[in-house]
Each structure stands twice: as C-alpha cells, then as structure tokens.
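Here's the structure, in structure tokens; my notes come after.
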Amino acid sequence: MSLIALIGFLLLTGIAAYAQTLTGFAFGLITMGGVGLTGLLSLPDAAMLVSLLTLVNASQMLLKGWRDVAWREFGLVMLASLPGILLGFVLLSWLAGSRADLLRLVLGFTIIISSLQLAHKPQSLDRPSGPLSFLFFGGVAGLMGGMFSTAGPPVVYHFYRQPMAHVVVRETLVTIFAVNAVFRTGLVAASGQIPSTSTLSGLLAVPVVMAATHLARRYPPPLTQRAMRQIVFLLLFLSGVALGGPALFRLIGPLI
C-alpha cells in the first residue's frame, strides 16, 4: 500500500468510526464503499482489514459486557452465520479473480439495500421471534460478512426489533461480530490469502478508529441522531449507486 493509499484508508476508517459511534452502524459499509469507489486497495484486502478492526473494537467492548449476551439467540445466529461466511468468502474469491465489475455491482447493491434498511428505526415486537428467524438473519449476515465484512445490517435490524434490554442487544451483536471476524480471519489464513506486510500497514487505522470514536463521544456535531442517520443513509445510498451503477452499465453494455 502506497503512502497516499494508506493516508486515504486511515481517513476513510476515521470517518467510518466517527459515523458508527454516532449512529450505531455503518463502519464496514462506509469503509468498503469508500474502498470500492477509490480503489485504495483490493476489496478482499479491505475486507480482511475491516474484519481485524472489527475484532479489535469488539474485544474492547466485551471485556466488561460479555455477561449480558443472549446466548440462545447468539447460538442460533452463529449456527447459520458461520456456513454463510464460508460461502461468502468463496464467492468473494471467485468474483475478485476475473469478475471485478460483478463484484462491484454486488457490493453496490449490498450497500444500497443496507442503507435503505438502516434508514428507519426498527419497530419493536410484542414477543420474541422464533428460532427460524434468527437462523435466516444469521445466514444472510454471514453471507454479507464473508464477502465484505459487513454482517451488521441484517442482525442489527432483527435484534433491535426484539423485546430485549438495549444492553443485551448491544453485547449480543458485538459478540456475533467478534466471532464472525475471528472465523473470517481464520479462513483468510487457511486459504493462504494473508495480505502483504504493506497492506497490513492499514492496521495503523486502529488508533485512528479509537481516536475518532473518542472525538465522536466527546464532541458530537450539533445534530439530532435522526439527522445523523439520514446523512449517513444518503452517503451510503449515493456511494452504492456510484459503485454499482457504472459496473452494471459495463456488464450490460455488450448486450445492448
């Protein structure tokens, strides 16, 4: 990774961490969308770095909060999520090889759908959802996590609809993201796709993410959370369109 690419990646992860601290979501989506648009590094390498950054953040949070995890729901999600991660990782490797435009289209579509879903606050249910729903959302999250390290949107949406205490939802989600990150990182290592030392310099983003998180908590902008969510939604939606639109035209161009 060149110095310019490294600086760009650090700025991108700082912005993503700042936005996630204020809204509760979007770190992986903003980072992957930005990488896809700018070409700072390959999408597989970016997904690897996002997994590691997610693991660092989750580990910090779980030092005190692991006792609040809803273990039954966690187990159901992981039962479907881990196979989904494997499938997503295989798809990423296949698409990244010779189908770059299709990969960008899938990422753009994922960002657009996730932004639309996360733009609205989920309505709480009167009673807990059944096991099949946790398996379904866990599988979708695993597929997204395996491809782009963006497992958050499906399970965030589903868990925040449950009649659970906020702390239970938060710690359960963090645990899911941590285990997913460990499993995905293990797949990268087992497949021999560990990024070069130059690419791993992107882990300098760890203190940047921590600093951006601190700044967001200490000096939040003079905006309501609703306004911030709308701004992040707009940025994600536009980045998804900008990423997927050109890729779609290049794919269908020979057909028309």
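Val188 meets the conditions (1) under 30 Å from Leu3 (Cβ atoms); (2) open to solvent by 60 Å² or more (accessible area, probe 1.4 Å); (3) in contact (Cβ under 8 Å) with a residue 24 or more places away in the chain in every case but one. The failed one is (2). Might you check whether a residue that is farther than 17 Å from Thr31 by Cα and surrounded by fewer than 18 Cβ atoms within 10 Å (Cβ to Cβ) occurs anywhere in the range 207-216? The answer is yes; a qualifying residue exists. Looking across the range 204-250, just one residue is of a type in the set (Ser, Thr, Tyr), modelled with pLDDT under 85 and part of a helix (DSSP H, G or I), and that is Thr213.
Can you pull out every residue in the range 130-148 that is within 18 Å of Gly108 (Cα to Cα) and either touching a His at 6+ places or on another chain (Cβ under 6 Å) or open to solvent by 20 Å² or more (accessible area, probe 1.4 Å) (or both)? Correct list: Val140, Leu143, Met144.
Within the range 121-159, the set of residues being among the hydroxyl-bearing types (Ser, Thr, Tyr) and within 16 Å of Ile30 (Cα to Cα) comprises Ser149, Thr150.
When the test is whether a residue is assigned to a helix (DSSP H, G or I), over 14 Å from the mean Cα position of the chain (by Cα) and closer than 21 Å to Thr13 by Cα, Leu200 passes it. Scanning the range 163-181 for residues that are at pLDDT 85 or above, surrounded by fewer than 20 Cβ atoms within 10 Å (Cβ to Cβ) and either of a type outside the set (A, V, I, L, M) or closer than 16 Å to Leu79 by Cβ (or both) gives Pro163, Val179. Of the residues making up the range 76-106, those that are farther than 15 Å from Pro154 by Cβ and hydroxyl-bearing (Ser, Thr, Tyr) are Ser93, Ser98.
The values are calculated or read from the model by the stated rules, or taken from the named source; none is laboratory data. Only a predicted model underlies this, so the values are computations on that prediction, with no experimental measurement involved. Reconstructed Cβ throughout: ideal geometry from the backbone, glycine too, with neighbour counts over all protein chains shown. Areas reflect the complete protein model, heavy atoms only, side chains present, ligands, DNA and RNA absent. Shrake-Rupley method; radii C 1.70, N 1.55, O 1.52, S 1.80 Å.
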